[in-house]
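Engineer: Please find one structure pasted underneath; my questions will follow.
The values are calculated or read from the model by the stated rules, or taken from the named source; none is laboratory data. Treat the numbers as computed from the prediction; the structure is a model and nothing was measured. Note that each Cβ is placed from the backbone with ideal geometry, even for glycine, and that neighbours are counted across all protein chains shown.
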Amino acid sequence: MAPTSKSSGDMLFVVSTGTKKPDPEMRRLIRSTVMIGKNRGKTLIPRKKKSIGSSTVVVSNGDNPSTDHECPKASLATATLDIIPRKVGSDLSFIRFADTIDESAIGVILQFSSIAKKALFPLEACINFGAKEKAWMEALTLDAAYLHAMAFSAQDYFDLLPGRPAHCRDMAARMAAPHVIKTLQLLRERLEMSRGDDVKMITGSFSTAAVVLCLAFHAHIMGEQQAALHHMQGLRKIVDLNGGLPGLGNNMKLMLEVLRCDVGMALYYGTKPLFFANLAGLNPELALAWEVTRQFSALVNHAASTHQKLPKEYLFDTMVSVMYPILHMSSDYFERGSLDEAVRLGLLAYCSSVFLQWAGVRLPYMHFPAMYRNCLVNLQLPELDVGSDSSSSSLLLLWLLMIGAVSVFGDCDDWLQPWLRVNMELCGVGDSWDATRDVLNSFMWIGLIHDVLGKAVFDSTSALDVDLGFHQ
């Protein structure tokens, strides 16, 4: 190869002769010359260090660029991997669900599942439910009826959240309808195919009980009372076929949901609960139920203040041992207007806020608020006059009214606040929330659940200007 020469414009001319390959220095010169044309018009970014993490590998070595064979193999491998997209499709595309279903519906299910424990159990911060049970999610890939039931149930929860526009609820209801129909169809086919021992095998699956529970609650919130009660009766049969509630596979959360739905419907429709009906003929001591609830409330308050958690069995056992006995008492069990009946209904109102309500969603009742109000209006208590000095009856009435306000009575119950305001004065709490809260705590009160609502009721009530000569 002949030597290179330069023109006046510093343009390089390379003259090649013979068959020998150019030496390394010449090859670098040729390469750099060729790149001048390719890079003309481009802005060159100074390369100060190695930069790996994109589809281009840049290796700097002072003023002399490295040759191809000098580039580290590890760098090339990393660069090659970075060219490949990190995710292909959504995370859901790799899961084989039990039936064909829209990805949007799956998204709603997973969104609900991520918040379900906190959303459905306001006491979750104080109750140890254990690790998240895989069976709930695995059933989505195994049981088509359960998959569709979860689709409309998850949507039901978000539709019940306050502030959701009506048109969004209507659209969601239309989207949920096909899942309800499909769930009913699959459940009917499952039951028709079962014969003999197969009945217990099929109904023994926790997912079957969960499907019927979802159908019952959906019918309930849609105002279909007969369908809701029919599903609950079917659920009771499923439970009985498997030896009672423990037959649900020791799934504590499912047992709690079954009983919450049972008690909630009893309070809403004014019917008897379907479970623990053998308690109906007993004469449980109301004072015992009161004491059990009071101790449970004290334990929860202590757990909240010390950042500890109670065993989940405490929640289940207290709910069963308190709510079912007093629910199975007939309306004429105690004399109308008696202190016993007021305490019974006040305890039911209190327990409904502790065991039945969801976080951020106040589930309504139809029958129970009217019954509770009628009892309070006709309540006959001694020592209740303006001249009394904070009698025990006044303090109890303050608790009964406040529990009703935060648990079952609606915002439009204008009769309640004037009466509550008068009793705040009778109890000597004045305009002090701390003093009022001390009175409520002296009976039973769970700050984690009741403080926010109670403070709101107190503030609006304190602003009232009422004639203190008014009584009842």
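Engineer: Is it fair to say residue 271 is more than 23 Å from the chain's Cα centre (by Cα), hydroxyl-bearing (Ser, Thr, Tyr) and in the same structural domain as residue 341 (by TED's automatic domain parsing)?
Structural biologist: Yes: the conditions hold for residue 271.
Engineer: Which numbered condition in (1) modelled with pLDDT under 95; (2) in contact with a helix residue (DSSP H, G or I) (Cβ under 7 Å, 6 or more places away or on another chain) is the only one that residue 214 fails?
Structural biologist: Here residue 214 clears every test but (1).
Engineer: Just checking, which of 291, 285, 224 is within 20 Å of residue 156 (Cα to Cα) and free of Cβ contacts under 8 Å to residues at least 12 places away in the same chain?
Structural biologist: Just a single option satisfies the conditions, and that option is 224.
Engineer: Only one of 266, 219, 277, 287 is surrounded by 14 or more Cβ atoms within 10 Å (Cβ to Cβ) and farther than 23 Å from residue 136 by Cβ. Can you tell me which?
Structural biologist: From the options 266, 219, 277, 287, the qualifying one is 266.
Engineer: Collect the residues in the range 153-178 that are crowded, with 17+ Cβ neighbours inside 10 Å, at pLDDT 90 or above and either more than 15 Å from the chain's Cα centre (by Cα) or of a type in the set (D, E, K, R) (or both), keeping them in residue-number order.
Structural biologist: If the condition is that a residue be crowded, with 17+ Cβ neighbours inside 10 Å, at pLDDT 90 or above and either more than 15 Å from the chain's Cα centre (by Cα) or of a type in the set (D, E, K, R) (or both), then 156 is the only one that fits.
Engineer: Considering the range 126-144 alone, what residues qualify as being modelled with pLDDT of 90 or more and either closer than 13 Å to residue 210 by Cβ or not in a strand (DSSP E or B) (or both)?
Structural biologist: Residues satisfying the conditions are 126, 143, 144.
Engineer: Among the listed residues 232, 252, 193, identify the single one that is exposed (fewer than 14 other Cβ atoms within 10 Å of the Cβ), assigned by TED's automatic domain parsing to the domain that holds residue 153, modelled with pLDDT of 75 or more and not polar (S, T, N, Q).
Structural biologist: None of the other options fit; the residue is 193.
Engineer: Only residues that are closer than 10 Å to residue 406 by Cβ, in a helix (DSSP H, G or I) and not charged (D, E, K, R): list them for the range 427-456, please.
Structural biologist: 440, 449, 450, 452, 453, 454, 456
Engineer: Follow-up question, since we're still on this one. Can you find a residue in the range 391-411 that is among the β-branched types (Val, Ile, Thr), modelled with pLDDT under 95 and more than 22 Å from residue 373 (Cα to Cα)?
Structural biologist: Within the range 391-411 (the criterion being among the β-branched types (Val, Ile, Thr), modelled with pLDDT under 95 and more than 22 Å from residue 373 (Cα to Cα)), the answer is no, since none of the residues qualifies.
Engineer: Of all residues in the range 431-457 being without any contact (Cβ under 8 Å) to a residue 40 or more places away in the chain and crowded, with 19+ Cβ neighbours inside 10 Å, which is farthest from residue 303 (Cα to Cα)?
Structural biologist: Result: 436.
Engineer: Let me ask something else about it. Evaluate the range 331-340: report whether one residue or more is more than 18 Å from residue 447 (Cα to Cα) and touching a residue at least 60 places away in the same chain (Cβ under 8 Å).
Structural biologist: Among the residues of the range 331-340, not one is more than 18 Å from residue 447 (Cα to Cα) and touching a residue at least 60 places away in the same chain (Cβ under 8 Å), which makes the answer no.
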